[in-house]
Amino acid sequence: MIARDPSELFELANKGSRTALARLLTYVESGGTSHLDTAALAYRTPSPYVVGITGPPGGGKSTLTDRLITTSLEAGSFDGDESFDQVGVLCVDPSSPFSGGAILGDRIRMQDHATNEHVFIRSMATRGHLGGLSLAVPDALRVLGASGFRLAIVETVGVGQMEVDIASAADTTVVVTNPGWGDSMQASKAGLLEVADIFVINKSERPGVRETRRDLEQMLDLGEHKWRPVIVETTATSGVGTEALWDAIIEHRRFVLAEDYDALQRARLRVALDQVLAAMLRAKVGDLARGESYDTQIERLLAGTTDPYHAAEVLLSPS
Ligand SMILES: Nc1nc2c(ncn2[C@@H]2O[C@H](COP(=O)(O)OP(=O)(O)OP(=O)(O)O)[C@@H](O)[C@H]2O)c(=O)[nH]1
Ligand SMILES: [Mg+2]
């Protein structure tokens, strides 16, 4: 029987037990005291280097992730400086509260690696106990770090705030686009532009690559960059361009480390702490917004004997 205690599980996970690692991640997802005990240990170890892969549905993120797994393991180190012999992959689907079709697809697409002891792949679709994947993902990354992983890849599907939140957990964010990345995507483009460190034009065997590159360059020209996002063309299905993508990741990592890495970590932890604070306060509001005294204030509002501001003050004041 496998242990249940997080500190024992971390010990096992560090010796390579995937069952132990999987259980720790389940704790992160399902909340409760096990989650808090897990987090208490996980945050003592630095985060792995996190590569985020994001972009619109169907762009080829999973196929590309699959290629990156191979390329990174072949490289075996980031820049000759820090070596690794395993990679952890989180597949995040904010749109689905369950492990849905897309994620099943990811699993199948990455099945080449399913039996590879150097690769750990995990789908995350549940909400986490404070209600947000954007909270569960940083915790899961720390669990990977505390289990000995130095490199993690996070694939996020969808276009929206969640994607941007999760990008904030990544050290290098790769935005996967396709030729003809159209005008219909203007709104989400703006968000993706902000988070991209590297643009991939995947399915590059298709027509329209040059136009898409030109569009991207033009958009990039409008901004000021300490790091100007690199554009890489790939055909994930055949593997063309994967080496160039890995090189671009290494190059960006070099930039990240040369920048004020400490300040970056600080900013990231600030985001993480703010998110937890906000989630806890939201939970508290939920508690306040029911029960006898809440109903009393509603009655008083109906009767016109109070206003929402005074009512809220009454509810907030310790009784
Ligand atoms: N022609 C072509 N097809 C590709 C390429 N890369 C991926 N595909 C195909 O595009 C489809 C979607 O690929 P996925 O890797 O699942 O894309 P994804 O972005 O992970 O998709 P979601 O996770 O569902 O958003 C699959 O049928 C792939 O085989 C490519 O370079 N060229
Ligand atoms: Mg996918």
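The values are calculated or read from the model by the stated rules, or taken from the named source; none is laboratory data. None of these values were measured; they are calculated from a predicted model. Counting neighbours? That spans all protein chains shown, and the Cβs are built from the backbone with ideal geometry, glycine included.
From 151, 144, which residue is touching a strand residue (DSSP E or B) at 6+ places or on another chain (Cβ under 6 Å), over 18 Å from residue 250 (Cα atoms) and at pLDDT 90 or above? Even if it seems obvious, please write down each step before you answer.
Numbers: 151 fails: over 18 Å from residue 250 (Cα atoms).
One residue alone meets the criteria, 144.
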What pairs come out if I take residues in segment 1-20 that are assigned by TED's automatic domain parsing to the domain that holds residue 116 and more than 20 Å from residue 150 (Cα to Cα) and pair them with residues that are among the hydroxyl-bearing types (Ser, Thr, Tyr) and not in a helix (DSSP H, G or I) whose C-beta lies under 6 Å away, six or more apart or interchain? none
So if I check each of 231, 298, 250, which one is modelled with pLDDT of 90 or more and not in a helix (DSSP H, G or I)? 231
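Just checking, does segment 60-70 include any residue being modelled with pLDDT of 90 or more, more than 16 Å from ligand 2 (Cβ to nearest atom) and within 22 Å of the chain's Cα centre (by Cα)?
Here is the first cut: in segment 60-70, the residues modelled with pLDDT of 90 or more are 60-70.
Of the ones still in play, those that are also more than 16 Å from ligand 2 (Cβ to nearest atom) are 70.
Then drop every residue that is not within 22 Å of the chain's Cα centre (by Cα), which leaves 70.
Scanning segment 60-70 turns up at least one residue that is modelled with pLDDT of 90 or more, more than 16 Å from ligand 2 (Cβ to nearest atom) and within 22 Å of the chain's Cα centre (by Cα).
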Residue 66 is checked against (1) away from ligand 1 (no atom under 16 Å from the Cβ); (2) within 19 Å of residue 205 (Cβ to Cβ) and fails just one. What number does that condition carry? (1)
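Filter segment 257-295 for residues that are of a type in the set (Val, Ile, Thr), farther than 25 Å from residue 227 by Cβ and modelled with pLDDT under 90 and give the result.
First, the residues of segment 257-295 that are of a type in the set (Val, Ile, Thr): 271, 276, 285.
Next cut, farther than 25 Å from residue 227 by Cβ only: 276, 285.
276 - this is the single residue of segment 257-295 that is of a type in the set (Val, Ile, Thr), farther than 25 Å from residue 227 by Cβ and modelled with pLDDT under 90.
Can you spot a residue in segment 202-220 that is within 16 Å of ligand 2 (Cβ to nearest atom), under 21 Å from the mean Cα position of the chain (by Cα) and of a type outside the set (A, V, I, L, M, F, W, C)? Spell out how you get there, then give the answer.
First, pick out the residues of segment 202-220 that are within 16 Å of ligand 2 (Cβ to nearest atom): 202-203.
Still in the list and also under 21 Å from the mean Cα position of the chain (by Cα): 202.
Of the ones still in play, those that are also of a type outside the set (A, V, I, L, M, F, W, C) are 202.
Within segment 202-220, one or more residues are within 16 Å of ligand 2 (Cβ to nearest atom), under 21 Å from the mean Cα position of the chain (by Cα) and of a type outside the set (A, V, I, L, M, F, W, C).
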Take segment 23-52 and flag every residue that is aliphatic (A, V, I, L, M) and surrounded by 16 or more Cβ atoms within 10 Å (Cβ to Cβ). 24, 25, 28, 39, 41, 42, 50, 51
Do the conditions hold for residue 219, that is, is it at pLDDT below 90 and within 16 Å of ligand 1 (Cβ to nearest atom)? no
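Can you confirm whether residue 65 is touching a Lys or Arg at 6+ places or on another chain (Cβ under 9 Å), surrounded by 23 or more Cβ atoms within 10 Å (Cβ to Cβ), assigned to a helix (DSSP H, G or I) and among the polar types (S, T, N, Q)? Lay out the reasoning, then the answer.
On the way: touching a Lys or Arg at 6+ places or on another chain (Cβ under 9 Å): yes; surrounded by 23 or more Cβ atoms within 10 Å (Cβ to Cβ): yes; assigned to a helix (DSSP H, G or I): yes; among the polar types (S, T, N, Q): yes.
The answer is yes for residue 65.
Within segment 251-258, does at least one residue satisfy the condition of being without any contact (Cβ under 8 Å) to a residue 24 or more places away in the chain, surrounded by 14 or more Cβ atoms within 10 Å (Cβ to Cβ) and not aromatic (Phe, Trp, Tyr)? Spell out how you get there, then give the answer.
At the first step, the residues of segment 251-258 found to be without any contact (Cβ under 8 Å) to a residue 24 or more places away in the chain are 251, 257-258.
Narrowing further to those that are surrounded by 14 or more Cβ atoms within 10 Å (Cβ to Cβ): 251, 257.
Those left that are additionally not aromatic (Phe, Trp, Tyr): 251, 257.
Taking every residue of segment 251-258 in turn, at least one turns out to be without any contact (Cβ under 8 Å) to a residue 24 or more places away in the chain, surrounded by 14 or more Cβ atoms within 10 Å (Cβ to Cβ) and not aromatic (Phe, Trp, Tyr).
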Check segment 175-190 and report whether any residue there is at pLDDT 80 or above, touching an Asp or Glu at 6+ places or on another chain (Cβ under 6 Å), under 24 Å from residue 269 (Cα atoms) and surrounded by 24 or more Cβ atoms within 10 Å (Cβ to Cβ). no
Determine which single condition residue 213 fails, assuming it passes every other condition in (1) modelled with pLDDT of 95 or more; (2) part of a helix (DSSP H, G or I); (3) closer than 21 Å to residue 63 by Cβ. (1)
